[in-house]
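Peer 1: Structure below; questions to follow.
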Amino acid sequence: MKILVINCGSSSLKYQLFDMANEEVMVKGLVERIGIDGSRLIQEKGDDEFIIEEDMKDHTDAVGHVFDALVDSENGVIKDLSEIDAVGHRFVHGGEKITKSCLIDKEVRDAIEEYSKFAPLHNPANLMGLEACEKLLEGVPNVAVFDTAFHQTMPEKTFLYGIDYKYYEEDSIRKYGFHGTSHNFITNKTAEILGKDVNELNIISCHLGNGSSITAVKEGKSYDTSMGLTPLEGLIMGTRSGDIDPTAVTYIMKEKNLTADEMENILNKESGVLGVSGVSSDFRDLEAAAKEGNERAQYALDMFVTRAKRYIAGYMAEIGSVDAIVFTGGIGENSIGMRKDIMEGFEQFGIKIDDEKNNVRGGAHEVSTDDSTVKVMVVATNEELMIARDTKSIVEA
Ligand code: ADP
């Protein structure tokens, strides 16, 4: 079975074609600048790159070029589009209506439209990718996999906000959580590595990348997570503020005469470690700048570490017993120093990193000492594979 996984942004589209016989990526690619001058598609097959530079006025155009690249006689990997058995689409916000991956029908489409209010950049873009596939790949099933779905198991005590209950009832204001596909993948993979029934697994899943979130997984299900109504809440991220006193926000708005949209943009795009450091949103740049003595870069790194500690420790107490603390995402998988710094202070609970074992990037490794009371692990995430697996099991059923 061949499954195409599509992840559409407002002006970009990422794709991977999987051969599910061995879960191998046959080819992957990226379309940039959709609807903007200079659109281009870059497809990677092993070490070979195939580039199409042509105007792509919308997502239908972009998907059309993806299909051209897939069947290209020299650079493609399939002879005919009929070889694609199903398409899995990444969707960001399914609200309370979507609790698992599903075939697209009227109900799913309505939920995507309804929750566009909380994901105005993502849900409509995801939908454009879906509509392009429906148009160009007639009769091929489309499956939607939502970032929020995994977190629909959270109980009221963790998903409600401390505001008048009517805002939940009337306006659906609550914590939804994101990165669910990654946390779900990490949960299953960790269970497999530890040889444990996933329904008995308790972990703290730390997805640390450009966007970061930490999830408390109890008995294989999301119990609490750091992102909220939108992906702005929680940890300090590349350009997102994470947790902040709401009064700081309203004060800045009044003081600087900003509209709600302008303020949202500042909190999402100009804050986080970029805003604090004034250097970069990329942790490699921050680590380099801090090493050269840039104080603000050091503050940003220290703030990131401090808040991550706070969530991990809090979640450990929330779920009672923990099998593993698992690091993933660009930073979680690659920054040896960040992992060490975040776990510092947990020795008092008997949780210890082994410096030698921690000297790894990616893959799947235990990095704690043999006598650590809780295992600390690095497990590379694979959201695309998770989407492909869900798509396969849904179309087979
Ligand atoms: P996204 O959230 O966009 O999927 P990733 O999970 O790919 O992001 O994470 C990207 C981030 O990972 C980069 O911004 C960078 O800060 C960080 N990163 C990648 N490699 C390293 C490394 N070797 N050391 C420190 N940070 C790294």
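The values are calculated or read from the model by the stated rules, or taken from the named source; none is laboratory data. It should be emphasised that the depicted structure is a prediction, and the values quoted were computed from it without experimental measurement. Glycine also receives a Cβ, built like all others from the backbone with ideal geometry; neighbour counts cover every protein chain displayed. Surface accessibility is based on the protein's heavy atoms, side chains included, excluding ligands, DNA and RNA. Shrake-Rupley method; radii C 1.70, N 1.55, O 1.52, S 1.80 Å.
Peer 1: Any chance region 140-147 includes a residue that's part of a loop (DSSP other than H, G, I, E, B) and loosely packed, with under 12 Cβ neighbours inside 10 Å?
Peer 2: Scanning region 140-147 turns up no residue that is part of a loop (DSSP other than H, G, I, E, B) and loosely packed, with under 12 Cβ neighbours inside 10 Å.
Peer 1: Given the structure, is Arg109 open to solvent by 60 Å² or more (accessible area, probe 1.4 Å), under 21 Å from Val143 (Cβ atoms), modelled with pLDDT under 95 and among the charged types (D, E, K, R)?
Peer 2: It is true that Arg109 is open to solvent by 60 Å² or more (accessible area, probe 1.4 Å), under 21 Å from Val143 (Cβ atoms), modelled with pLDDT under 95 and among the charged types (D, E, K, R).
Peer 1: Do the conditions hold for Tyr115, that is, is it assigned to a helix (DSSP H, G or I), closer than 22 Å to His207 by Cβ and within 18 Å of the chain's Cα centre (by Cα)?
Peer 2: Answer is yes for this residue.
Peer 1: Can you run down the residue pairs with Cβ atoms below 9 Å, 6 or more apart or on separate chains, where the first is in region 306-328 and within 14 Å of Glu344 (Cα to Cα) and the partner is open to solvent by 50 Å² or more (accessible area, probe 1.4 Å)?
Peer 2: Partner pairs satisfying both residue conditions: Arg307/Asp243; Ala308/Asp341; Lys309/Asp341; Lys309/Glu344; Ala313/Phe349; Ile325/Lys375.
Peer 1: Same structure again: Go through region 277-299 and count every residue that is within 14 Å of the ligand (Cβ to nearest atom) and either surrounded by fewer than 17 Cβ atoms within 10 Å (Cβ to Cβ) or without any contact (Cβ under 8 Å) to a residue 60 or more places away in the chain (or both).
Peer 2: Adding up the residues that qualify gives 14.
Peer 1: Report, by residue number, each residue of region 370-386 that is more than 14 Å from the ligand (Cβ to nearest atom) and either of a type in the set (A, V, I, L, M) or open to solvent by less than 10 Å² (accessible area, probe 1.4 Å) (or both).
Peer 2: Matches in region 370-386: Val374, Val376, Met377, Leu385.
Peer 1: His365 passes all but one of (1) in contact with a strand residue (DSSP E or B) (Cβ under 6 Å, 6 or more places away or on another chain); (2) within 16 Å of the ligand (Cβ to nearest atom); (3) over 30 Å from Tyr15 (Cβ atoms); (4) not in a helix (DSSP H, G or I); which number fails?
Peer 2: (3)
Peer 1: Now a separate question. Val305: within 16 Å of the ligand (Cβ to nearest atom), within 20 Å of Gly275 (Cβ to Cβ) and β-branched (Val, Ile, Thr), yes or no?
Peer 2: Spelling it out, Val305 is indeed within 16 Å of the ligand (Cβ to nearest atom), within 20 Å of Gly275 (Cβ to Cβ) and β-branched (Val, Ile, Thr).
Peer 1: Only one residue in Asp72, Asp61, Asp37 is farther than 30 Å from Gly177 by Cα, open to solvent by 50 Å² or more (accessible area, probe 1.4 Å), out of contact with any Gly (no Cβ under 8 Å at 6 or more places or on another chain) and not small (Gly, Ala, Ser). Which one?
Peer 2: So the residue among Asp72, Asp61, Asp37 that is farther than 30 Å from Gly177 by Cα, open to solvent by 50 Å² or more (accessible area, probe 1.4 Å), out of contact with any Gly (no Cβ under 8 Å at 6 or more places or on another chain) and not small (Gly, Ala, Ser) is Asp37.
Peer 1: If you go through region 320-336 one residue at a time, how many are more than 16 Å from the ligand (Cβ to nearest atom) and open to solvent by less than 10 Å² (accessible area, probe 1.4 Å)?
Peer 2: The total comes to 2.
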